[in-house]
Amino acid sequence: MSAKALLHRYLDECPLIAIVRGVTPDDAEAIGEAIYDGGIRIIEVPLNSPDPLDSIERLAAKFGDRKLVGAWTVVDPRQVEAVRQAGGRLIVAPNTDTRVIAATVAAGMVSSPGYFTPSEAFTACNAGATALKLFPAEAASPGVLKAMLAVVPKAVPQIIVGGIKPDNMRPWLDAGATGFGLGSGLYKPGQSAADTLDKARAYVAGLRR
């Protein structure tokens, strides 16, 4: 399965991506289960979390093909192989680094680099990115995304990350967003699985508003 088909397999089921910054390996499986039960099928462990590769390995082993597991905050191409060996299939970066994109493409993994300008978007697309992540979305707007999509290839999924809440997704979807990355609004370090489940359900319900 191609990286594009792999990403769409999970985005088509639910266009939300859980970013569990700060999760520990001991909590990763319970938090991952809560997120899955809430309806979200993609989860990212930021590499500045405690023992992130251990958490990725545990999540990948537990969920297999039920979830797309990967890493966020990937800023060095050497980290790509480490994530792959841990069982991750998704590489997400906060920036547009063609070295990271190339390493991800070569590994057959899903590449979702961050961008904020048309130049970064085209650089990422030309390097082989599977999806584009508009970040930080707090500094943009649905109008900015709509303007971007007038020039950026529409076939490339647009993931919106930063400041997303259950009640503010509709304007982004109307502007052409494909999906959303959910950070502290969904999970904060030390949060219980029960609270995480409630928040995941609220976000999924927000998509239908």
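Values computed for the structure shown
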item: Cα gyration tensor category, rounded, prolate or oblate, for the chain with a/c compared to 1.5; result: oblate
item: Ellipticity estimate at 222 nm from DSSP helix runs (n ≥ 4, -39,500 (n - 2.57)) divided over the chain, nearest 500; result: -12500 deg cm²/dmol
item: Assigned charges on the beta-carbon of Lys, Arg, Asp, Glu; the chain dipole about Cα centre (debye); result: 600 debye
item: Rounded percent of accessible protein surface that carbon and sulfur make up, region 93-209, 1.4 Å probe; result: 57 percent
item: Nonlocal Lys pairs with alpha-carbon distance under 27 Å, region 143-209 (8 or more apart, or different chains); result: 6
item: Cα lying deepest toward the dipole's positive end in region 140-209, options Leu145, Leu182, Ile164, charges on Cβ; result: Leu145
item: For region 106-175 and region 1-46, distance of Cα centres in Å; result: 18 Å
item: ³J(HN,Hα), Karplus 6.51/-1.76/1.60, whole Hz, each residue of region 133-143, x for Gly, Pro; result: 10, 6, 8, x, 5, 4, 8, 10, 6, x, x
item: Protection-proxy order for peptides 195-201, 151-157, each taking the mean of Cβ atoms within 10 Å per residue, highest first; result: 195-201, 151-157
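The values are calculated or read from the model by the stated rules, or taken from the named source; none is laboratory data. Predicted model, so just to flag it, every value in this text is computed and none were measured. Counting neighbours? That spans all protein chains shown, and the Cβs are built from the backbone with ideal geometry, glycine included. Areas reflect the complete protein model, heavy atoms only, side chains present, ligands, DNA and RNA absent. Shrake-Rupley method; radii C 1.70, N 1.55, O 1.52, S 1.80 Å.
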